[in-house]
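Chemist: Please find one structure pasted underneath; my questions will follow.
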Amino acid sequence: MLFALCLDLRLFANSADIQLTKKGRGKPGETLEKAADILMGAFRICASDNRAQSADSKKWGMLNLINQLFKIYFKINKLHLCKPLIRAVDNSNFKEHFSLSQQVTYKYYVGRKAMFDSDFKGADDYLSYAFQHCHIMSRRNKRMILIYLTPVKMLLGYMPSVSLLQKYDLLQFADIVSPVRQGNLLQLNEALIKHEAFFIKCGIYLILEKLKIITYRNLFKKVYLILKTHQLSVDAFTSALRIMGVDDIDNDEAQCLIANLIYEGKIKGYISYQHQKLVVSKQMPFVPLTSLK
């Protein structure tokens with residue numbers, strides 16, 4: 001009964017906001033915010049129930065209410081309001097015992113929030129759980145999870161297979177995978193522009209922009225493999241970047257990119273500013289991305 005009421009409240013509030021926006025009345029998301037206040041009141045009642053018998057506890061209703069609140073907060077772009085709700089679940093003795101469907105929904109939203117907070121390891125854990133435990137017949141939900149799990153995996157060095165992307169109708173990412181793997185910045189920029197509308201709609205365009213640093217790393221690795229030396233001129237990297245369409249770059253900017261890669265542990269070495277060279281380790285200078293912490 002409670003679950004049905006909360007779901008209907010959110011859906012009616014969303015419909016009301018759409019109608020009010022069409023008529024030019026009220027602020028966007030205003031009705032959803034009011035619905036969130038009501039849901040939060042119900043959540044506090046459930047969370048504060050301290051009866052001894054856990055089977056009769058109102059705390060069993062917490063996760064459903066939290067998931068409804070997550071859906072509202074993501075819709076109105078107030079993700080900071082999710083933090084106390086996540087803390088409440090972390091501190092709950094019920095967290096491992098809620099229904100699997102509710103846990104999958106919860107992990108999906110917490111994973112998305114972790115991704116936006118640049119906690120990609122945490123996002124990977126949450127979103128992977130959601131994908132693995134989502135019902136096998138829920139293809140639409142699995143696809144939604146993959147939209148966020150795919151860029152997270154790529155940032156951690158795991159590239160998705162074309163067959164997986166094809167299965168879930170996400171071939172937009174296939175045009176991203178190949179340039180990143182090959183260090184082809186030119187093709188990466190073209191793919192981002194080509195599928196810009198889709199990526200922006202999903203809210204992951206800026207996340208995918210972060211893949212450029214991995215593309216730089218793979219490009220610079222190619223330079224290293226071609227020159228076959230552990231003392232690499234910064235000019236060589238600047239030239240490679242210009243070939244990839246970065247026309248307005250100079251050696252100072254190239255050094256900044258290299259310094260960032262060294263700082264992030266993606267290259268083992270140091271820059272000799274006096275000689276304008278990158279001196280890389282003789283043993284595995286380009287660390288596998290999947291091994292980085």
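Chemist: Residues of region 85-131: accessible area per residue at 1.4 Å, in Å²?
Modeler: Roughly 47 Å² per residue, with all protein chains present.
Chemist: Now for a different question. Let me know the charge dipole size of region 73-177 about its Cα centre in debye, to the nearest 20, where only the beta-carbon of Lys, Arg (+1) and Asp, Glu (-1) is charged.
Modeler: Computed about the Cα centre, the dipole is about 320 debye.
Chemist: Now a separate question. How large is ³J(HN,Hα) for each residue in region 29-39, as worked out from phi by the Karplus curve 6.51 cos²θ - 1.76 cosθ + 1.60 (θ = phi - 60°), to whole Hz, x for Gly and Pro?
Modeler: For region 29-39, the Karplus-derived couplings read x, 5, 5, 5, 4, 5, 5, 4, 4, 5, 5 Hz, x marking Gly and Pro.
Chemist: With a probe of 1.4 Å, find how much accessible area region 150-293 has per residue, and write the answer as a whole number in Å².
Modeler: The answer is 53 Å² per residue.
Chemist: Of PHE94, PHE116, PHE237, which has the largest mean-square fluctuation in a 10 Å C-alpha GNM of the chain?
Modeler: PHE94
Chemist: Something else now. Amide H neighbours of LEU232 under 5 Å, at least 5 residues apart or on other chains, H built in the peptide plane: list them.
Modeler: LEU278, VAL279, VAL280
Chemist: Now for a different question. Of the heavy-atom accessible surface of the chain (probe 1.4 angstrom), what whole percent is carbon and sulfur?
Modeler: The C+S portion of the solvent-accessible surface of the chain is 54 percent.
Chemist: In region 214-293, with Lys and Arg counted as +1 and Asp and Glu as -1 at Cβ, which of these residues, GLY269, LEU227, LEU292, has the Cα nearest the positive end of the dipole, that is, farthest along it?
Modeler: Result: LEU292.
Chemist: Still on this structure: For region 76-127 and region 195-217, what is the separation of their C-alpha centers, rounded to whole Å?
Modeler: 23
Chemist: Oh, and also: Identify which of LYS95, LYS23, LYS222 has the largest mean-square fluctuation in a Gaussian network model of the chain, with springs joining Cα atoms closer than 10 Å.
Modeler: Looking only at LYS95, LYS23, LYS222, the biggest GNM fluctuation is shown by LYS23.
Chemist: Once Lys and Arg get +1 and Asp and Glu get -1 on their Cβ, which of MET244, LEU192, ALA259 lies farthest toward the positive end of the dipole of region 121-259?
Modeler: Positive-end residue among those listed: LEU192.
Chemist: For ASP119, list long-range residues whose amide hydrogen, built 1.01 Å from N in the peptide plane, is under 5 Å from its own amide hydrogen.
Modeler: none
Chemist: Below 8 Å, C-alpha to C-alpha, sequence gap of six or more: please give me the relative contact order for the chain in percent.
Modeler: 10
Chemist: Assign unit charges at the C-beta atoms only (+1 for Lys and Arg, -1 for Asp and Glu), then state the dipole size of the chain relative to its Cα centre in Debye, rounded to the nearest 20.
Modeler: 640
Chemist: Which one, GLN172, GLN19, GLN132, has the greatest fluctuation when you compute a Gaussian network model over the chain with C-alpha springs under 10 angstrom?
Modeler: GLN19
Chemist: Still on this structure: About the Cα centre of region 146-255, how large is the charge dipole given +1 on each Lys and Arg Cβ and -1 on each Asp and Glu Cβ? Please answer in debye to the nearest 20.
Modeler: In debye, rounded to 20, region 146-255 gives about 580.
The values are calculated or read from the model by the stated rules, or taken from the named source; none is laboratory data. Model, not experiment: these values are computed from the prediction. Cβ: placed from backbone, ideal geometry, glycine included. Neighbour counts: every protein chain shown. For the accessible areas, the whole protein counts, side chains as well, though only heavy atoms, and no ligand, DNA or RNA atoms are used. Shrake-Rupley method; radii C 1.70, N 1.55, O 1.52, S 1.80 Å.
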